[in-house]
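J.: Quick one: structure below, then a few questions.
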């Protein structure tokens with residue numbers, strides 16, 4: 001390709017000393033900027049912060065981007081439309097910063113990928129957003145001293161020198177759109193799950209050495225977080241949707257989880273939920289210590305079933321702590337839930353845990369379209385209060 005080559009117009013032997021010098025002076029701040037971009041790209045985040053073209057144009061950076069983000073070998077199941085948009089912007093930024101095409105240039109490999117994306121057939125281009133993608137969420141707020149995982153597994157091996165970013169991640173195979181092809185919404189990781197997950201990463205003692213039950217688990221992001229990193233004794237990922245349940249085992253495997261730590265269970269709230277026979281692991285007198293839910297308060301009929309289910313579970317496990325992350329799309333719906341729970345004499349605490357400004361986030365990245373709060377619930381009667 002005229003004007004574009006892997007060695008930017010010079011031989012490998014001539015570029016090697018220059019490569020070493022460029023790598024040596026490549027600033028830490030530039031690395032952090034690129035790291036943020038990579039984390040957003042791997043999360044399929046829509047509002048990407050792109051590095052400056054001068055940070056992207058060194059040949060070793062372009063080669064790294066190709067090898068780890070865009071090559072066939074890295075096997076990233078990202079929608080064609082998303083990859084095309086991101087790579088096109090990257091190449092435009094690099095091209096705008098090239099001063100001398102005799103010593104600088106665009107990667108042939110990246111240009112080839114861009115050409116392939118442009119030439120993809122229309123069916124693939126239009127339908128790829130409905131396919132499942134391996135979406136990687138970075139746990140930047142996880143406190144290292146409470147990290148329950150073996151380093152060879154939790155440290156992502158995606159980042160190699162000169163960009164050595166060793167961070168815990170969760171990978172979920174899920175649609176990149178709000179609605180899946182079957183019309184269900186439970187197979188997507190919602191912002192409320194990321195929000196309460198961020199809170200638990202900063203307060204891992206809530207989960208450590210506890211038995212955890214997640215309601216309406218969807219992709220099981222929270223359950224995986226508890227079992228993989230927060231030291232839960234055992235985690236039950238439950239959902240009423242069979243489509244969601246069918247995805248759990250593969251997501252457990254993606255995150256190196258085995259049946260001895262976590263299990264998936266269909267749980268229909270309206271059909272006398274909480275029956276002990278559903279959980280044979282608890283037949284020896286063990287209890288549920290923590291009950292989690294994220295974005296499970298959204299319509300009246302569901303609220304009625306949810307309150308009934310919580311009543312049964314808290315009857316079995318009265319000392320269990322309930323934490324629910326709520327996206328307040330309709331304040332009246334949320335008020336109805338609080339009213340029904342207060343009628344049962346349950347005590348609430350509204351936990352003050354605000355979503356960080358987007359520019360301050362390092363992963364997972366959350367674009368909050370509506371207010372989100374976390375509530376704690378227990379059976380001791382008391383007035384609603386702020387933590």
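J.: Within region 356-365, is there a residue that is surrounded by fewer than 19 Cβ atoms within 10 Å (Cβ to Cβ) and either touching a strand residue (DSSP E or B) at 6+ places or on another chain (Cβ under 6 Å) or modelled with pLDDT of 95 or more (or both)?
T.: No, there is no match, as no residue in region 356-365 is surrounded by fewer than 19 Cβ atoms within 10 Å (Cβ to Cβ) and either touching a strand residue (DSSP E or B) at 6+ places or on another chain (Cβ under 6 Å) or modelled with pLDDT of 95 or more (or both).
J.: Another question, if that's okay. Are any of the residues in region 305-324 under 30 Å from residue 41 (Cα atoms), modelled with pLDDT of 95 or more and either assigned by TED's automatic domain parsing to the domain that holds residue 40 or within 18 Å of the chain's Cα centre (by Cα) (or both)?
T.: Yes, region 305-324 has at least one match.
J.: Something else about it: Please give the number of the condition residue 318 fails out of (1) touching a helix residue (DSSP H, G or I) at 6+ places or on another chain (Cβ under 6 Å); (2) surrounded by fewer than 15 Cβ atoms within 10 Å (Cβ to Cβ).
T.: All conditions are met except number (1).
J.: Taking the options 109, 102, 141, name whichever one is at pLDDT 90 or above and more than 28 Å from residue 46 (Cα to Cα).
T.: 102
J.: Please state which one of 48, 94, 25 is over 30 Å from residue 174 (Cα atoms), modelled with pLDDT of 80 or more and not assigned by TED's automatic domain parsing to the domain that holds residue 362.
T.: None of the others qualify; the one that does is 94.
J.: Being surrounded by fewer than 20 Cβ atoms within 10 Å (Cβ to Cβ) and touching a residue at least 60 places away in the same chain (Cβ under 8 Å) narrows it down to one residue among 75, 102, 92, 54; which is it?
T.: Every option except 102 fails the conditions.
The values are calculated or read from the model by the stated rules, or taken from the named source; none is laboratory data. Small disclaimer: the values here were computed from a predicted structure and weren't measured. Neighbour counts run over all protein chains shown; Cβ positions are idealised from the backbone, glycine included.
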